[in-house]
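S.K.: Dropping the structure in here first, questions after.
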Amino acid sequence: MVNVAVSDILFMLPMGLVGAWLMVINWANPTASPGWMRIWGVAAGICLVGVGLNFLFNGGLAVFSKGPMAHGNDVNFHIGLGLFGFPGFTLFATWSVLLGLRLLRSSSKQLQ
């Protein structure tokens, strides 16, 4: 109903904060999950922090001054997004599924 021009990359800065949170909870809780899963979560967090930093330092902030599609032709922005975004979103999604399966398994053991 309202035609407002909003950039489609504004999610990147909050994803950097999610990445920082993910690194902290995986690093600070050594008994909460197995070591390999903690490493997986820290790796996902590092990549997501990279996504947020890419937004801040590699051309994403231009959407506030030059319009919502200012990042469209910025090659460095897209290289940074490819280096951090694809692995970060993939690792975060799989870590989330693994955490859900672990919690589901532990709750079913408690019911028995």
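The values are calculated or read from the model by the stated rules, or taken from the named source; none is laboratory data. Since the model is a prediction, treat every value here as computed from it, not as a measurement. These area figures cover heavy atoms from the full protein model, side chains too; ligands, DNA and RNA do not enter into them. Shrake-Rupley method; radii C 1.70, N 1.55, O 1.52, S 1.80 Å.
S.K.: Considering the values (1) 13.0, 40; (2) 13.4, 42; (3) 17.4, 59, which represents Rg and Dmax of the Cα atoms in Å as calculated for the structure under consideration?
M.R.: (3)
S.K.: Carbon and sulfur atoms: what percent of the 1.4 Å accessible area of the chain do they account for?
M.R.: Solvent-exposed carbon and sulfur of the chain make up 71 percent of the total.
S.K.: At a probe radius of 1.4 Å, what is the per-residue accessible area of F64, in Å² to the nearest 10?
M.R.: Using a 1.4 Å probe on the heavy atoms, I get roughly 140 Å².
S.K.: Helix-derived [θ] at 222 nm for the chain: sum -39500 (n - 2.57) over DSSP H runs of at least 4, divide by residue count, nearest 500?
M.R.: -22500 deg cm²/dmol
S.K.: Right, something else. Show me the helices of the chain, taken as full DSSP H stretches, that run 18 Å or more along their long axis by Cα and average 1.0 or above in Kyte-Doolittle hydropathy.
M.R.: 12-28, 35-57
S.K.: Mind checking the per residue accessible area of the chain for me, 1.4 Å probe, whole number of Å²?
M.R.: The answer is 65 Å² per residue.
S.K.: While we're looking at this one, here's another question. Would region 50-108 count as rounded, prolate or oblate if I go by the C-alpha gyration tensor, calling it rounded below 1.5 in a/c and otherwise prolate when a/b exceeds b/c, oblate otherwise?
M.R.: Judged from the Cα gyration tensor, region 50-108 comes out prolate (a/c at least 1.5, a/b above b/c).
S.K.: Name the most mobile residue of G80, G72, G41, meaning the one with the largest mean-square fluctuation, in a Gaussian network model of the chain with Cα contacts below 10 Å.
M.R.: Answer for the Gaussian network model of the chain: G72.
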